[in-house]
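Asker: Structure in C-alpha cells, see below.
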Amino acid sequence: MTTMDNLSVDHLTGIRDLTRQDIETIFTTADSFKAVINRPIKKVPSLRDITIANLFFENSTRTRLSFELAEKRLSADVVNFSAASSSVKKGETLVDTVNNILSMKVDMVVMRHPNPGAAKFLSERIPAKVINAGDGTHEHPTQALLDAYSIREKLGTVEGKKVVIVGDILHSRVALSNIYALQKLGAEVMVCGPTTLIPKYIHELGVKVEHNLRKALEWCDVANMLRIQLERQDIQFFPSLREYSMLFGLNKEILDSLSKEIVVMHPGPINRGVEITSDVADSKQSIILQQVENGVAVRMAVIYLLAAKVERG
Ligand code: CP
C-alpha cells in the first residue's frame, strides 16, 4: 500500500469527512475487487486476521448482505447482530452493547442505526474502526460511494455530469451523502420533489432545486429516484401516493419523450408504481442492479482500506 492508498480518515462515518482523493482511492481499489468478484474463486485472503461485527439496529436487505459478502470475500471473520433479538431490548446502552462485542476481539464495526450521528458518536468512544451503514436521516456513505462508482462506470467519469436526485430529500440519508460525493467529484447536482420534501437549508449545499420533474429530467444526465420513506413521516407531506406518483413518479412515457437518453438509478428498496414504474426500473436505461453489484466491490474497498489502519498483534 502506498501513501496514495492511505485514507485521510480512520473511520467512515460520512462522505462529508472524505477528500476527493479518498473517494478516488476507494474507486481504484474497488476496480481491483470488482475483477476479483467476477472470477470463479471470488475470494482473497487479505483480511484473515480481522474480525468484523455487523450491528443493524434498523432493517436492511441490500446493505447488510452486501457488507457481509464483502467481508467474507476478503476472508474476514464476521459476526452479525440484530437489535430485534438483542439485549438492547432489555435497556442496554449502545456503548455498553458495542464494548461487550469488542471484548470478544472485534476490530471493526459496521453499524446501521436510526439516530443521526450514531456512527460518529460510537467512533469517538470505542477502539475499533467504525463504518456507517446508515444513521437515521443523516448519511449513508457506502450507498453514495457505490452510486458515484456506478455513474463513473456507466458514463466514464462523474466530473461535469448533471445528476438529479428526485423525491423525499427531507428524510433521505442517501440524498445527503450523494450530494457530498457527487460535488466532491465535480458533478452538478439538482434535487427535485414537492416543496414539503425539500429541506429549507438545501441551498446552503450548493444544489439546484426544481419542482417540475420533466424540466429536471431534461436537464440531467442521470436521475436517481428515491423511495418515499413513509416510516419516517410523522405528518402527511403530500395528499396521496397516487398524486405523488402522478407528479414525481418516473414512467416510460416521460422517459421516452425526453430529448436524450438518461441513466436511471434507485438505491432500493423500490416502491414499484410510486417513484418509478416497473417498465422503467427494468429498462435498459436502469442501472439499479449494477448499483447493487458494485456495492460489494465498493464495500470491500472501504473495509480493506480501513483495515490497513487496524493495529495488528
Ligand atoms: N439502499 C439500502 O440502504 O437498502 P437497504 O435498506 O435494503 O439496506
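The values are calculated or read from the model by the stated rules, or taken from the named source; none is laboratory data. This is a predicted model, so every value here is computed, not measured. Quick reminder, even Gly has a Cβ in these numbers, built from the backbone with ideal geometry, and neighbours come from all protein chains shown. Areas reflect the complete protein model, heavy atoms only, side chains present, ligands, DNA and RNA absent. Shrake-Rupley method; radii C 1.70, N 1.55, O 1.52, S 1.80 Å.
Asker: Please list, ordered by first then second residue, the pairs with beta carbon atoms under 9 Å, 6 or more apart or interchain, first in segment 50-64 and of a type outside the set (F, W, Y), second within 16 Å of the ligand (Cβ to nearest atom) and part of a loop (DSSP other than H, G, I, E, B).
Answerer: If the second residue must be within 16 Å of the ligand (Cβ to nearest atom) and part of a loop (DSSP other than H, G, I, E, B), the pairs left are E58/P114; E58/G136; T61/G268; T61/P269; R62/P267; R62/G268; R62/P269; T63/H140.
Asker: Tell me which residues, restricted to segment 77-96, are closer than 13 Å to A128 by Cβ and not in a strand (DSSP E or B).
Answerer: V95
Asker: Sticking with this structure for a sec: Any idea which residue in segment 71-93 is nearest to the ligand (Cβ to nearest atom), counting only those that are among the aliphatic types (A, V, I, L, M) and open to solvent by less than 30 Å² (accessible area, probe 1.4 Å)?
Answerer: A83
Asker: For a quick check of your reading of the model, give me the residue pairs whose first member lies in segment 277-298 and is among the aliphatic types (A, V, I, L, M), whose second is modelled with pLDDT under 95 and not in a helix (DSSP H, G or I), with beta-carbon atoms closer than 6 Å and at least 6 apart or on different chains.
Answerer: Listed pairs, sorted by first residue: A281/I270.
Asker: Suppose we filter K260, K284, K309, K252 for residues that are in contact with a helix residue (DSSP H, G or I) (Cβ under 7 Å, 6 or more places away or on another chain), at negative phi and basic (K, R); which single one remains?
Answerer: Just a single option satisfies the conditions, and that option is K252.
Asker: (1) more than 16 Å from the ligand (Cβ to nearest atom); (2) open to solvent by less than 10 Å² (accessible area, probe 1.4 Å); (3) more than 18 Å from K154 (Cα to Cα): which one isn't true of A223, the others all being true?
Answerer: (3)
Asker: Select from segment 259-271 the residues that are within 15 Å of the ligand (Cβ to nearest atom) and open to solvent by 10 Å² or more (accessible area, probe 1.4 Å) and write down the one among them that is nearest to V163 (Cα to Cα).
Answerer: P267
Asker: Now, a different point. Inspect segment 50-65 for any residue being in a loop (DSSP other than H, G, I, E, B), away from the ligand (no atom under 16 Å from the Cβ) and at negative phi and give the result as yes or no.
Answerer: yes
Asker: If I ask for residues that are aromatic (F, W, Y) and either modelled with pLDDT of 95 or more or surrounded by fewer than 11 Cβ atoms within 10 Å (Cβ to Cβ) (or both), which ones from segment 232-258 would you list?
Answerer: F248
Asker: Inside segment 102-118, can you point out the residues that are farther than 17 Å from A307 by Cβ and either within 13 Å of the ligand (Cβ to nearest atom) or crowded, with 19+ Cβ neighbours inside 10 Å (or both)?
Answerer: R112, H113, P114, A118
Asker: Which residues, counting only those in segment 275-290, are open to solvent by 10 Å² or more (accessible area, probe 1.4 Å) and more than 16 Å from the ligand (Cβ to nearest atom)?
Answerer: Matches in segment 275-290: T277, S278, D279, D282, S283, K284, Q285.
Asker: Still on this structure, please answer the following. Specify which of the listed residues (E139, E68) is among the acidic types (D, E), in contact (Cβ under 8 Å) with a residue 24 or more places away in the chain and within 16 Å of the ligand (Cβ to nearest atom).
Answerer: Among E139, E68, only E139 is among the acidic types (D, E), in contact (Cβ under 8 Å) with a residue 24 or more places away in the chain and within 16 Å of the ligand (Cβ to nearest atom).
Asker: Of all the residues that make up segment 291-313, how many are closer than 15 Å to P45 by Cα and open to solvent by 10 Å² or more (accessible area, probe 1.4 Å)?
Answerer: Selection size over segment 291-313: 2.
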